Structure formats: structure tokens, C-alpha cells
1. Inspect the range 125-135 for any residue being in contact with a Phe, Trp or Tyr (Cβ under 6 Å, 6 or more places away or on another chain) and either of a type in the set (A, V, I, L, M) or farther than 17 Å from Trp157 by Cβ (or both) and give the result as yes or no.
2. Please go through (1) surrounded by 19 or more Cβ atoms within 10 Å (Cβ to Cβ); (2) hydrophobic (A, V, I, L, M, F, W, C); (3) under 25 Å from Asp83 (Cβ atoms) for Met52 and return the number of the only condition it doesn't satisfy.
3. Given the residues Ile158, Ile136, Ile92, Ile169, which is the only one that is surrounded by 18 or more Cβ atoms within 10 Å (Cβ to Cβ), hydrophobic (A, V, I, L, M, F, W, C) and more than 19 Å from Trp20 (Cβ to Cβ)?
4. Condition first: within 19 Å of Pro11 (Cβ to Cβ) and either acidic (Asp, Glu) or not in a loop (DSSP other than H, G, I, E, B) (or both). Now tell me which residues in the range 61-73 satisfy that.
5. Among the residues of the range 113-124, are any over 24 Å from Leu34 (Cα atoms), without any contact (Cβ under 8 Å) to a residue 12 or more places away in the chain and β-branched (Val, Ile, Thr)?
6. How many residues, within the range 2-20, are touching a residue at least 60 places away in the same chain (Cβ under 8 Å) and more than 16 Å from the chain's Cα centre (by Cα)?
7. Does the range 33-47 contain any residue that is at pLDDT below 95 and not in a helix (DSSP H, G or I)?
8. State whether the residues of the range 10-27 include one that is outside any loop (DSSP other than H, G, I, E, B), at negative phi and exposed (fewer than 15 other Cβ atoms within 10 Å of the Cβ).
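The values are calculated or read from the model by the stated rules, or taken from the named source; none is laboratory data. Everything numeric in this text was worked out from a predicted model, so none of it was measured. In this analysis, Cβ positions are derived from the backbone assuming ideal geometry, glycine residues included, and neighbour counts consider all displayed protein chains.
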Amino acid sequence: MNIEYRQLLNPDFSPESRVWVYQSSRLFTLDEALVIEELLNSFTAHWMSHGMPVKAAAYLFFGQFIILMADEGASGISGCSTDSSVRLIKEIEQRFSVNMFDRITLAFFVNDKTGSYRVQLLPLSQLQYAIDNGFISSDTLYFNNLVQTKEELEKKWIVPVKESWLLNIISLAKSVS
């Protein structure tokens, strides 16, 4: 799996553009991904804030992460326009029987036995166990879905565990890399 996604981001958006990351509880099938991309494209083409079009983009990355982006320099985002984006994500949840609002399941890029990488989900409650038993190391790539701007998405979305906020809640003592 190629983890290079940055070149897919619209370069016409300001680095300060607002970003929302939604992680699916499972990988979407190809057919589902095609429908979701249509829904995202239709939504961003018609997204409004106080009657003005929102300069917006949406992406489905790695078959599991929906990224919404709004360039607030072009048009501000109101509470109502944010609510409409949440309604879209809830529609996707319901239509495809997934959870898009689970903030206690973490996502990592892990090397499987074939030498390729895949997204692995892990409940926060099992993180220390995974580290203690060598499933996750300080160098394992983590999806930091807390990023809030395009610049953070580009620089801080996929980072090694040792460079993430997870260091505040875990001990890497047994996982020296």
C-alpha cells in the first residue's frame, strides 16, 4: 500500500484550510468507495455557508478515511454548514453499516507477514498491550486523526508513534527501537 497521499491534495487550498478526518470502522469495498466518492464530490460541489459556496474538497484515503477540507480564506464555515457535513458522514455510516465517529479506536500502518503495509485498527484500551508485546513499536506509523488544518494533514497525519500524542498515555520502555 502506497502511503503517499499528499500529492492528491488540492494545491489551491490554503495551508490553514480546515480539515475533518473521519475513520471508518472497516475498509470500504471498491463498489462502496466509488459510491462514497460520488457522494463526497456532490456534497463539496454544493456545500454552502450562509448562502455562499464553500471552497471545499473531499477525499477517501486508503479506502477507510474520509477527509473533508474547507478553505475558510475563500468562505467561512458556519455551524449550519458544519452540521450539513456531519449529516453526510452519518448518512454514509447508515448506508454502509460502518462507524465513522469512533474516537477510541486507533489506526496504524503495520507491516503484515508478506512485507506489505495495511491499516490496522486497535482499541485504545489495547494499545499498551500491543506495545508491550511488540505488535506496535515507537516507529510504527500512526494516523493522527486530530489534525485540523491542511498543513497538519500534510505533516502530522501519519507519524511514528514516538512523534504523536500517544506518548502522553503509553510507556515505550519495553519497545526500544
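1. no
2. The failed condition is (1).
3. The conditions single out Ile136.
4. Hits for the range 61-73 are Phe61, Ile67, Leu68, Met69, Ala70, Asp71, Glu72.
5. Yes; the residues of the range 113-124 include at least one that is over 24 Å from Leu34 (Cα atoms), without any contact (Cβ under 8 Å) to a residue 12 or more places away in the chain and β-branched (Val, Ile, Thr).
6. 4
7. Yes, there is a match, as at least one residue in the range 33-47 is at pLDDT below 95 and not in a helix (DSSP H, G or I).
8. No: the range 10-27 contains no residue that is outside any loop (DSSP other than H, G, I, E, B), at negative phi and exposed (fewer than 15 other Cβ atoms within 10 Å of the Cβ).
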